[in-house]
Amino acid sequence: MNILVTGGAGFIGSRLIERLLRHEHAQITCLDNYNDYYSPHLKRENVQAFAGNARVRMIEGSFTDAAAMRALFQTNKIEYVVHLGGYAGVRYSVENPFPYEQHNVGGTLALLEAARYEPVRRFLLASSSTVYGRNAVAPFQEDAFLGTPLSPYGVSKRAAELMCLTYLDLFRVPVVCIRPFSIYGPRLRPDLALTIFAQAILDGRPLPLFGDGSIRRDFTYVDDFCDGLEAALTADGVVGEAINLGHDEPVSIREVIAALERALGRTAAIERLPERPGEMPVTHADLTKARRLLGYSPATSFEDGVARFCEWFVRRAQSIT
Ligand SMILES: NC(=O)c1ccc[n+]([C@@H]2O[C@H](COP(=O)([O-])OP(=O)(O)OC[C@H]3O[C@@H](n4cnc5c(N)ncnc54)[C@H](O)[C@@H]3O)[C@@H](O)[C@H]2O)c1
């Protein structure tokens, strides 16, 4: 199995590569441009687990370069693509929308073009739960009314999905659009609430809480999510589908803080800030399709997942002081 993982140095990509290496016939190409959306140093740390592995080809470059992607597919005889690379911040996209169009839409197009001329067995797109907009009804069903996304990030993922479906239609690129819901775990990105809260609690600083903490997110542990991705690489009947990968148990931000307090053994100080406009009150994945097509069954409780995240977070914090 020759697998290209884009965004392989990121939070999810690096974890997926570690797990794919458990399959002895897996040959991985890890592509990342180590951009500075967050510290490239963290991304270099992420790849340490496999960078020296003979079955992993490490490539530093951008998938927005269509000619380079076509050459890469040809030279490395890519059979499977897991396209996790991209700009991932929802909030940042509201202030700086251009990289989202360039990397998430344009970059996906460049990869699809490569797959058009160098056919692959499967092309998984990491889309997002943010394709569901304000008028979508929770729990979100993939094929129900999506509404208008609330951020340029959500739009970029919806556009990437549509581009994938058009490339399936026109050129038989075997795409699957995976919609992740608030993935968390060790190596979590520094821009996400769990990381920001955990750091504030460890530092004894007040953590910023926007609104009353009642909004709920369908937090999904990274290994459960990777189980779903791996299943989607080979499952029958999934090409052309959009599939939610969530946990089906939304947790409020207040509950997140309480779980972190328990896992870290400290009490959080809270700085209340005004509610931010444009937040979905709840994200909640309907998993009927994922269960049926992928045998997906997220097994990690939020309490256990937060404990594992905190264990990693504290160990890392100690190693750098
Ligand atoms: N983490 C979540 O909760 C979540 C939720 C929904 C969707 N997603 C999607 O899943 C994917 C992975 O998310 P993550 O949290 O691991 O993010 P991440 O930022 O840690 O990883 C993305 C990686 O893509 C790389 N990248 C960006 N543009 C690139 C380009 N042009 N060429 C090569 N590499 C490039 C970045 O350097 C980064 O290492 C993203 O596409 C994200 O939008 C994540």
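A few points about this structure:
- Debye intensity ratio I(q)/I(0), log10, segment 34-79, q values 0.21, 0.23 Å⁻¹ (C-alpha model): -0.88, -0.96
- Its Cα gyration tensor gives segment 228-321 an equivalent ellipsoid, and the semi-axes of that ellipsoid, as √(5λ) in whole Å with the largest first, are 32, 20, 12.
- Length available on full extension from Val94 to Ala144: 0.36 nm per residue minus the Cα-Cα distance, which gives 15.4 nm.
- Placing a label point 7 Å from the Cα of Glu279 along the Cα-to-Cβ line, the residues of segment 188-224 whose backbone N sits under 15 Å from it are 192-197, 207-219.
- The long axis of helix 152-171 is offset from the longest Cα principal axis of the chain by roughly 20 degrees.
- Net lengthening on full extension, Ala51/Arg172 (0.36 nm per residue, minus Cα-Cα): 40.3 nm
- Other residues with beta-carbon under 13 Å from the beta-carbon of Leu16 carry, at +1 per Lys or Arg and -1 per Asp or Glu, a net charge of -2.
- Between Arg266 and Ser301, the modelled label-to-label distance comes to 2.5 nm, taking each label 7 Å out from Cα in the direction of the beta carbon.
- Taken about its Cα centre, the chain carries a charge dipole of about 380 debye when Lys and Arg each add +1 at the Cβ and Asp and Glu each add -1 at the Cβ.
- Count Lys and Arg as plus one, Asp and Glu as minus one, and take only other residues whose Cβ is under 14 Å from that of Thr64; the net charge is then -4.
- Net charge, Thr195 excluded, C-beta distance under 13 Å - Lys, Arg +1, Asp, Glu -1: +1
- For Tyr132, no residue 5 or more places off, or on another chain, has a built amide H under 5 Å of its own.
- Cα Rg over Rh - the chain, Kirkwood: 0.95
- Sorted from longest to shortest, the spans of the Cα atoms of segment 53-193 along the three principal axes equal 44, 36, 27 Å.
- DSSP-loop GluC sites (Glu not before Pro) across segment 1-73, with at most 14 other Cβ within 10 angstrom: Glu24
- Placed amide H near Thr220: partners under 5 Å, 5+ positions off or other chain: Ile183, Tyr184
- Principal semi-axes of the equivalent ellipsoid, √(5λ) from the alpha carbon gyration tensor of segment 5-89, are 18, 17, 10 Å from largest down.
- With respect to the chain, whose longest principal axis is taken over its alpha-carbon atoms, helix 222-234 is tilted by about 20°.
Read-outs: derived from the displayed coordinates by stated rules, not from any lab. Quick caveat, the model's predicted, so the values are computed rather than measured. Here the Cβ is made from the backbone with ideal geometry for all residues, glycine too, and neighbour counts use every protein chain on show.
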